[in-house]
Each structure stands twice: as C-alpha cells, then as structure tokens.
Amino acid sequence: MRVLVAPDKFAGTLTAVEAADAIAEGWHRHSPGDELDLAPMADGGPGFVDVLHASLGGELSAMTVEGPFGTPVPATLLVIGDTAYIETAQACGLHLTKGEGVEFATTIGVGEQLLAALGAGVRTIVVGLGGSGTNDGGGGLLEALGALGDAPLDCGPVNFAGVTRVDLEPARRRIGDVVLVAATDVDIPLTGLFGATKTFGPQKGVAEDRLVLVDGWLEDLANATDRRTSLEKGAGAAGGLGFALMLLGATRTPGIDLVVDAVDLRERARRADLVITGEGAFDFSSRSGKVPYGVASVAEQALRPCVALAGQVLVGSREMRALGVESAYSLVDLVGEERAFADPAGSLADLAARVARTWSH
C-alpha cells in the first residue's frame, strides 16, 4: 500500500518534518511493508522555509533581524534560482511576543528580511505569512523599506492614532521591478468585523475591551495609505503584513497552494492509495487556507481518501466531511493531554500505528 504523509506542524510541539517522521515511524511499526511518501507541508506560517528547503533544496542564508520589541532574533533566507523565500514568523512570530505587548510590537524585522532578499539580487520574493504575534498592519516593514509617515510606523499600532499621511514611494522604489508574492494562510481583510484585530487579536494578547480601539488604529493607517487595498482578501494576514505587501505591489496567493505546487503534491497524491494529513488542532477554521483542507482537496481531486491525525479534533463527522476528511483521530483522546505534550513524537507515532490498523491493507 502506498501512503502519502503530508502534515502541517503541530504548533508548539512538532515541526511538519518531525510530524511526518513520527507518523511514518508509527505506521511502519504496524505495516512495515507499506510504501510511505513523506511530504511535510506549510501554509506560509512557521515551517514555511524549512518545508520548501526539504523538498526543493536551495541555498539557506542565516541573518539577524530586529524582533517585535527591538531584540535581535535569528532568521533564514532561502534562495532557489532567482527566487527568494521569507518566513515572516521568524521575525515577528507569536513565539516572540508570547501574547504580550502587541500594541507596541513591530514588523520592522520583516522589512529587514526583505532588504536581505533584495540584496541577494533575486527577481521574485515570496513572503510566507502566518503565525505572527504582531498586529501593526505591516507598518514596521514599510518604514524599514523607507516609507515615511507623519507618525512613526515602526513602534506598533499604538502610534497610528491620528496618522494622516504616509509616503510609500521610497519603499516602492526600493522594491523596484522585483516581483513580490504574499503567501497567506488566511483570506481576511485588514479591518472590520472579520479583520485582523477582531479575528486574531485576542490570541495575540489584545484585550477584549480594546479590540475596537486597536482596529481603529489600523483604520487610520488604511485611510492614510489605501483604504480599498485594506479590504482585499489576505490584507489582514499576519496582523496586516498582507496589507503592507499589497501596498508595495504584491500579488496574493494562498500559501498552501504555493507549497502544493512546489512539492508536486497533486501528482504524488495520484500515486498514493491513501493520503494522511494533520495539525495541532483540527477545527473548522482549517477551511480558511490551512494545510489539512488544502491536502484534503488535493486528495479529493485525485480520488483518494484522506484522514487526519491531530493533537485535538474539534469538529464532528459532518464538519469533517465538509472539509474533505474521511476520519480524524485525536492524540489527546488516545494518550491524554499530559503525555501528548510531554512526548509529542512518540504519542503521534502511537496514534499512527493505531490508525494503520484500520486503514492499511
């Protein structure tokens, strides 16, 4: 039996590469004769660069950029031919803010990542968006590239109150004729009821009673730059980094689609008998550009069944099938929450072995 293993990261516990290896180890424990094809996945968030490098090779360059609160943090640039790939979570991820100080957190380090990519002389820069701990509408990125406002743009959204003018031309000249691609994991706008602040602000540390205020600050930034662009799908990705990139001429593509194409997942699914995906929490939000839905869609097009292994399964059977998944299995339900976090790889391997009993020929 041929099995395609294409999981996302299990946030906070396993990278996508580690998750794929754990699933393979457990599956082979029960069905050693099965042929496994490992295709770790990403949607533009954490793990984006590692997944692409594992599948496509290329040259990795290490750098140090400014983190969301000014502390230097490590980042990596991947160059494949004349294309550079950036993972913005490395410079402004939730792991760096830990849900605190988001009103003062900046994306200036992402701008520094872009400058490094421009310095590499590439023709295209693909920016993976997702997993951010910031909510500054990409203001820090814009200022790092030379944009000038009548209020500082690199000190977090708190400084956008009352901003009326932002000159984007210096930043646009810096980009020149380089093609920018924003690989997003969500398709939300910058502001409003379904915007960046209202949707993801609470998990980044924005207090419930300040959501309207912070959203209003991003409205001020949008009005000072381009209100219409702020309403585009993906403008709210990564706390508004999608918006900043679109202001600089970026086109938007779902990150999962970009990775699916890059690793040739459609053809690999056609060669498989079963497709396995997974992530930390499998819920209905997975439909919004996340890995499990993307992989399940590929499996459906290939007329192959897809099952999901997850830390937690938070949807019922009807919602699961609406996402294109035949069955979903919970790590916490099998081994308990304590062991799931203490030994995530071993626990995931045990779950995979259990699933193999049902699905392997």
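The values are calculated or read from the model by the stated rules, or taken from the named source; none is laboratory data. Since we're looking at a predicted model, the values are computed, not measured. For neighbour counting, all protein chains shown are included, and Cβ atoms are generated from backbone atoms with ideal geometry for every residue, glycine included.
It is to be established whether one or more residues within the stretch 203-223 are under 30 Å from Pro170 (Cβ atoms), small (Gly, Ala, Ser) and assigned to a helix (DSSP H, G or I). There is at least one residue in the stretch 203-223 that is under 30 Å from Pro170 (Cβ atoms), small (Gly, Ala, Ser) and assigned to a helix (DSSP H, G or I). When Gly111, Gly119, Gly101, Gly57 are screened for being out of contact with any Leu (no Cβ under 6 Å at 6 or more places or on another chain), closer than 19 Å to Gly249 by Cα and in the same structural domain as Gly137 (by TED's automatic domain parsing), only Gly119 passes.
Within the stretch 278-296, being crowded, with 24+ Cβ neighbours inside 10 Å, modelled with pLDDT of 85 or more and touching a strand residue (DSSP E or B) at 6+ places or on another chain (Cβ under 7 Å) holds for Gly278, Glu279, Phe282, Val291, Pro292, Val295, Ala296.
The requirement of being under 26 Å from Gly216 (Cβ atoms), within 17 Å of the chain's Cα centre (by Cα) and not in a strand (DSSP E or B) is fulfilled nowhere in the stretch 62-83; no residue meets it. Among the conditions (1) hydrophobic (A, V, I, L, M, F, W, C); (2) within 30 Å of Leu145 (Cβ to Cβ); (3) assigned by TED's automatic domain parsing to the domain that holds Ala353; (4) modelled with pLDDT of 95 or more, the only one that Leu77 does not satisfy is (3). Return a yes/no flag: does the stretch 117-133 have any residue that is surrounded by fewer than 21 Cβ atoms within 10 Å (Cβ to Cβ), part of a helix (DSSP H, G or I), in contact (Cβ under 8 Å) with a residue 60 or more places away in the chain and of a type outside the set (Phe, Trp, Tyr). Taking every residue of the stretch 117-133 in turn, at least one turns out to be surrounded by fewer than 21 Cβ atoms within 10 Å (Cβ to Cβ), part of a helix (DSSP H, G or I), in contact (Cβ under 8 Å) with a residue 60 or more places away in the chain and of a type outside the set (Phe, Trp, Tyr).
Is it true that Leu303 is part of a loop (DSSP other than H, G, I, E, B) and surrounded by fewer than 23 Cβ atoms within 10 Å (Cβ to Cβ)? It is true that Leu303 is part of a loop (DSSP other than H, G, I, E, B) and surrounded by fewer than 23 Cβ atoms within 10 Å (Cβ to Cβ). The residue pairs whose first member lies in the stretch 137-149 and is in the same structural domain as Arg174 (by TED's automatic domain parsing), whose second member is surrounded by 24 or more Cβ atoms within 10 Å (Cβ to Cβ) and polar (S, T, N, Q), and whose beta carbons are closer than 8 Å, counting only pairs six or more residues apart or on different chains, are Gly138/Thr107; Gly139/Thr106; Gly139/Thr107; Gly140/Thr106; Gly140/Thr107; Gly140/Thr134; Leu141/Thr107. Of all residues in the stretch 201-210, those that are within 17 Å of the chain's Cα centre (by Cα) and modelled with pLDDT of 95 or more total 2. Among the residues that make up the stretch 29-36, is at least one of them surrounded by 17 or more Cβ atoms within 10 Å (Cβ to Cβ) and closer than 20 Å to Asp185 by Cα? Within the stretch 29-36, none of the residues are surrounded by 17 or more Cβ atoms within 10 Å (Cβ to Cβ) and closer than 20 Å to Asp185 by Cα. Checking Asp8, Asp37 one by one, the residue that is outside any strand (DSSP E or B), in the same structural domain as Gln312 (by TED's automatic domain parsing) and in contact (Cβ under 8 Å) with a residue 12 or more places away in the chain is Asp8 and no other. Taken as a whole, the stretch 336-355 holds at least one residue that is without any contact (Cβ under 8 Å) to a residue 24 or more places away in the chain and buried (at least 20 other Cβ atoms within 10 Å of the Cβ). Residue count for the stretch 203-229, restricted to those that are free of Cβ contacts under 8 Å to residues at least 60 places away in the same chain and of a type outside the set (Val, Ile, Thr): 12. Residues considered: Leu213, Leu190, Leu221. Of these, the only one that is surrounded by fewer than 19 Cβ atoms within 10 Å (Cβ to Cβ), at pLDDT 95 or above and closer than 26 Å to Leu96 by Cα is Leu213.
Per the conditions (1) under 18 Å from Ala308 (Cβ atoms); (2) modelled with pLDDT under 95; (3) of a type in the set (A, V, I, L, M), the sole criterion not satisfied by Ala22 is (2). Annotation note: Cβ proximity below 6 Å between a residue of the stretch 67-85 that is under 15 Å from Leu56 (Cα atoms) and a residue that is among the charged types (D, E, K, R) (sequence gap 6+ or interchain) occurs for Val79/Glu59; Asp82/Arg123. I want to confirm something. Restricting to the stretch 165-187 and keeping residues that are closer than 26 Å to Pro46 by Cβ and in a loop (DSSP other than H, G, I, E, B), which single residue is modelled with the highest pLDDT? Per the criteria, the residue is Val178.
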